[in-house]
Amino acid sequence: MNMYINKIRRSIGFDYERNAALRLVLTLGGFYIALQALYIIILVLSKDQSIVLNQVYLPQVTLQTLPVLVQKPWILVSHMIFHIGFWEFITNMVWLYLFSNVIQTLVGYREIVPLYVISALVAALGFTAVQELLPLEGPLFLAGSYPAILAMGVAAMILAPAYRIYIAERFSFPLWAAFAVYLVLNLLIFIPHNTKMIVWMAIGGLTGAAYMLSLKNGFSVGRMLYRVKHGITGGGRQQERDSRHQSASRQLTNKKNGEIDAILEKIHQKGMLSLTPGEKETLEQYSKGL
């Protein structure tokens with residue numbers, strides 16, 4: 001069965017085990033379905049259905065104020081996986097996959113989940129602190145992946161602003177254009193009457209910038225967390241494979257820094273389709289090592 005599933009995954013073009021962007025989107029999709037099902041159950045069991053959403057359900061899963069966060073610490077997790085509307089969730093997942101896939105293509109899959117979680121947590125804590133000092137205008141309840149998506153976008157822009165995203169062999173667009181569209185759409189929606197969302201997302205964007213700058217300077221949060229994970233679980237065969245990938249990465253870093261830089265510059269200017277088979281293989285080995 002496992003061999004059959006892996007064959008299907010390869011046939012549709014996804015290296016599923018190392019496609020953290022896809023796995024993150026699918027995981028958030030599972031949480032979306034589960035939380036919506038929970039809401040329906042509460043709604044059916046409630047005597048007064050008109051108050052369920054705003055007075056019973058949302059106060060338990062969304063970001064609000066610092067006192068509420070202290071009383072309900074699980075909101076730190078629930079707010080980053082909860083989306084109120086279906087189309088809100090779908091559009092957020094499209095943007096999330098777009099930006100995170102650029103990052104994992106260039107620096108490896110290990111950075112995706114840590115960047116998402118860290119940016120969401122920092123944005124939540126930073127926002128509640130700012131709100132305590134300076135009351136902000138906006139909705140009572142905040143939830144969703146907005147700060148993490150902006151963090152992914154900012155991180156991708158710092159990494160490769162000229163990177164081209166290919167929809168088809170002859171149709172592509174630059175990353176900076178997609179990021180600009182994302183910013184404009186959100187600014188049009190949230191300005192001028194939603195200061196809370198602007199501050200919340202801005203903190204997430206700054207976190208994404210700090211994360212990527214630290215990665216470019218040699219400090220990989222993702223690699224560190226995966227090492228801790230393997231240290232706790234024992235790692236087994238996967239740990240051995242990761243050790244080999246890390247060893248290959250160190251060799252490439254020491255001996256082929258100039259070659260990797262040249263390949264990345266070529267991607268930035270002309271896109272992935274411009275690479276030769278040998279360059280793709282070199283980049284794949286480097287990415288897996290990271």
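Listed by first and then second residue, the pairs linking a residue in region 153-169 that is free of Cβ contacts under 8 Å to residues at least 24 places away in the same chain to a residue that is surrounded by fewer than 17 Cβ atoms within 10 Å (Cβ to Cβ), with Cβ atoms under 8 Å apart and 6 or more places separating them unless they lie on different chains, are M157/W176; I167/F173. Looking at (1) touching a helix residue (DSSP H, G or I) at 6+ places or on another chain (Cβ under 8 Å); (2) outside any helix (DSSP H, G or I), find the lone condition where Q131 falls short. Single failed check for Q131: (2).
I'm trying to understand the selection: among the residues of region 72-94, which are in contact (Cβ under 8 Å) with a residue 24 or more places away in the chain and of a type in the set (F, W, Y)? The answer is F82, F89. A single member of L125, L106 is in the same structural domain as Y32 (by TED's automatic domain parsing), assigned to a helix (DSSP H, G or I) and at pLDDT below 90, and it is L106. Scoring M197 on the criteria (1) buried (at least 17 other Cβ atoms within 10 Å of the Cβ); (2) more than 24 Å from Y57 (Cβ to Cβ); (3) modelled with pLDDT under 90; (4) touching a helix residue (DSSP H, G or I) at 6+ places or on another chain (Cβ under 6 Å) leaves a single failure, condition (2). Which one is farthest from T65 (Cα to Cα) among residues in region 172-182 that are assigned to a helix (DSSP H, G or I) and touching a residue at least 24 places away in the same chain (Cβ under 8 Å)? Per the stated criteria, the residue is L175.
Taken together, the residues in region 81-103 that are touching a Ser or Thr at 6+ places or on another chain (Cβ under 8 Å) and not aliphatic (A, V, I, L, M) amount to 3. Just one residue in the set I75, I149, I118, I90 is among the β-branched types (V, I, T), outside the structural domain of E279 (by TED's automatic domain parsing), modelled with pLDDT of 90 or more and over 18 Å from F31 (Cα atoms); that residue is I118. Within region 162-194, the residues that satisfy the criterion of being surrounded by fewer than 16 Cβ atoms within 10 Å (Cβ to Cβ) and closer than 13 Å to G138 by Cβ are I189, I191, P192, H193.
Could you tell me whether F82 is surrounded by 20 or more Cβ atoms within 10 Å (Cβ to Cβ), under 22 Å from the mean Cα position of the chain (by Cα) and over 30 Å from A162 (Cα atoms)? Give the derivation first.
On the way: surrounded by 20 or more Cβ atoms within 10 Å (Cβ to Cβ): yes; under 22 Å from the mean Cα position of the chain (by Cα): yes; over 30 Å from A162 (Cα atoms): yes.
Against the criterion (surrounded by 20 or more Cβ atoms within 10 Å (Cβ to Cβ), under 22 Å from the mean Cα position of the chain (by Cα) and over 30 Å from A162 (Cα atoms)), F82 qualifies.
Scanning region 104-132 for residues that are of a type in the set (S, T, N, Q) and under 13 Å from the mean Cα position of the chain (by Cα) gives Q104, S119.
The values are calculated or read from the model by the stated rules, or taken from the named source; none is laboratory data. None of these values were measured; they are calculated from a predicted model. Methodologically, a virtual Cβ is constructed for each residue, glycine included, from the backbone with ideal geometry; neighbour enumeration extends over all protein chains shown.
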